[in-house]
1. Suppose we filter A191, A162 for residues that are farther than 14 Å from S218 by Cα, away from ligand 2 (no atom under 16 Å from the Cβ) and either not assigned by TED's automatic domain parsing to the domain that holds G272 or not in a strand (DSSP E or B) (or both); which single one remains?
2. Being in contact with a Pro (Cβ under 9 Å, 6 or more places away or on another chain) and either crowded, with 24+ Cβ neighbours inside 10 Å or under 20 Å from S403 (Cβ atoms) (or both) is the filter here; which residues of segment 434-444 pass it?
3. For segment 364-378, which positions are under 29 Å from the mean Cα position of the chain (by Cα) and either part of a strand (DSSP E or B) or at pLDDT 95 or above (or both)?
4. Is at least one residue of segment 147-158 of a type in the set (S, T, N, Q), in the same structural domain as G222 (by TED's automatic domain parsing) and open to solvent by 10 Å² or more (accessible area, probe 1.4 Å)?
5. Exactly one condition in (1) within 30 Å of V65 (Cβ to Cβ); (2) polar (S, T, N, Q); (3) not assigned by TED's automatic domain parsing to the domain that holds F48 is not met by S283; state its number.
6. Can you find, within segment 344-362, the residue that is nearest to ligand 2 (Cβ to nearest atom) among those that are buried (at least 21 other Cβ atoms within 10 Å of the Cβ) and within 23 Å of V405 (Cβ to Cβ)?
7. Which numbered condition in (1) more than 16 Å from ligand 1 (Cβ to nearest atom); (2) assigned to a loop (DSSP other than H, G, I, E, B); (3) over 30 Å from A378 (Cβ atoms) is the only one that N174 fails?
8. Test E98 against the criterion of being in contact with a His (Cβ under 6 Å, 6 or more places away or on another chain) and either open to solvent by 40 Å² or more (accessible area, probe 1.4 Å) or away from ligand 2 (no atom under 16 Å from the Cβ) (or both), and give yes or no.
Amino acid sequence: MRFPLLAIATLSLVVRATVIVPGATWTDTSGNVIQAHGAGIMKVGSTFYWFGEDKAANSALFSAVSCYTSTDMMTWTRQNNALTPIANTMISTSNIVERPKVIFNKVNSEYVMWFHSDTSNYGVAMVGVATAKTPCGPYTYKGSFNPLGAESRDMSVFQDAAQTAYLLYASDNNQNFKISRLDTNYYNVTAQVNVLTASTLEAPGIVKRNGLYYLFASHTSGWDPNPNRWFVASTISSPFSAQQDIAPEPVRTYFSQNAFDLPLGTNAVYMGDRWRPELLGSSRYIWLPLTWASGVPQLIWADVWTLNIAAGTWTIASGTSYEAENGVVSGSATIPADPSFSGGKAVGFLGNGGSVTITVQGIGAAQWVSLYYANGDATWRNTTVSVNGGPSVLVDQPNTGGSHVILSVPVKLNLKSGSNTITFGAGQTNFAADLDRIIVYTAS
Ligand SMILES: *[C@@H]1O[C@H](CO)[C@@H](O)[C@H](O)[C@H]1NC(C)=O
Ligand SMILES: *[C@@H]1O[C@H](CO)[C@@H](O)[C@H](O)[C@H]1NC(C)=O
């Protein structure tokens, strides 16, 4: 009996977190922060490949297109870089390489990467193309160009079931959004098949569902979030419907911008970026269930969730909610009332001498805790979080775009079994955001 017990104990040490926690710092199987912004996902066999911009240097300039692999879309292993800089070309370290997307070309049996290729001031607005015989490459750069002679900034590629593929791109100074067909090699575009005139769209993705083409895109507000939209058309070249929101407008797509939309079963997974322009490498990933349950595509906010790739389903974890105003409110902290707060109240003026201590039940593990808060300022705030009087960690609180718009940010805390106290705002000299409530999860 001793051997199986030992095996179980060892196993529990190596089992990695298999949950998706939007907004958390995601790490790969080596424990390094995942650097794959502006994501593109490709599936080959049972393996998913995640391509993205490595922004570890906190610069918008090109350092690498990374390549990560996973079979469950939750545990990611970094592979060799798929594309690296070449001096004196459009992919040098003084250029822009964004939103890499890879599709497989059957004609040539090769993988073809398309990306936004630009100068540092985004002035030439080109697409770049690179090819490889294996999914992670490394890719051989073919060149950059203006598709059909026009500008292309934010872009994606969409591969139709018929092996016909399209470039989706913000063109004409980001005013007109265009769709153009790729040639049989996927090296160039041959004809424009659609245009959404004066639509000012960025960050596109298309999901084909029940024969309909659903386009997802943001509008243009730089690195700042805006309400991303969806459009539908019966063919890739027919007129798209008027724009509609994929999430309630005030939350600005839960402070994210679309990067990729991956079909899953009868629904999809939304993969967005929560950009942090002054610290780009600390931009976070906001992946959320994208459901057609109501007949139209809508994001579902999920603090903690899991994917079942084989079943094509997801499960959203449920936790225990604790109202901040029911905690012990100390010092200069206040209890503002507003219908937008859960329970009609929150705790304000945290930090600078104000704090609140909330008693929660733990299971004796590292547990995800989501902080629901409102930060109406233009800047990010943060809050200290201390468990059972221990050392505090600092949790970032991106601006929510309004003083009564609620978002949540996650923090992983070691909770003991039974009662724990969690204190917010103690020992900091800046003001934290208003704390509405917290939700304690047992999943990790
Ligand atoms: C792409 O096709 C256009 C014609 O549609 C041609 O002018 C251009 O040179 C081609 N670009 C490349 C990179 O092959
Ligand atoms: C915490 O937030 C304040 C603004 O309230 C900001 O000035 C400060 O730089 C932040 N601290 C960190 C470590 O990000």
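1. Matching residue, one of A191, A162: A162.
2. Matches in segment 434-444: D434 only.
3. A365, A366, Q367, W368, V369, S370, L371, Y372, Y373, A374, N375
4. No, because not a single residue in segment 147-158 is of a type in the set (S, T, N, Q), in the same structural domain as G222 (by TED's automatic domain parsing) and open to solvent by 10 Å² or more (accessible area, probe 1.4 Å).
5. Here S283 meets the rest and fails (3).
6. In this case the residue turns out to be G351.
7. (3)
8. Here the answer is yes, as E98 does meet what is asked.
The values are calculated or read from the model by the stated rules, or taken from the named source; none is laboratory data. Source: prediction; values computed, not measured. Note that we place each Cβ from the backbone using ideal geometry, even for glycine, and neighbour counts take in every protein chain shown. We work out accessible area using only protein heavy atoms, side chains counted, and drop any ligands, DNA or RNA first. Shrake-Rupley method; radii C 1.70, N 1.55, O 1.52, S 1.80 Å.
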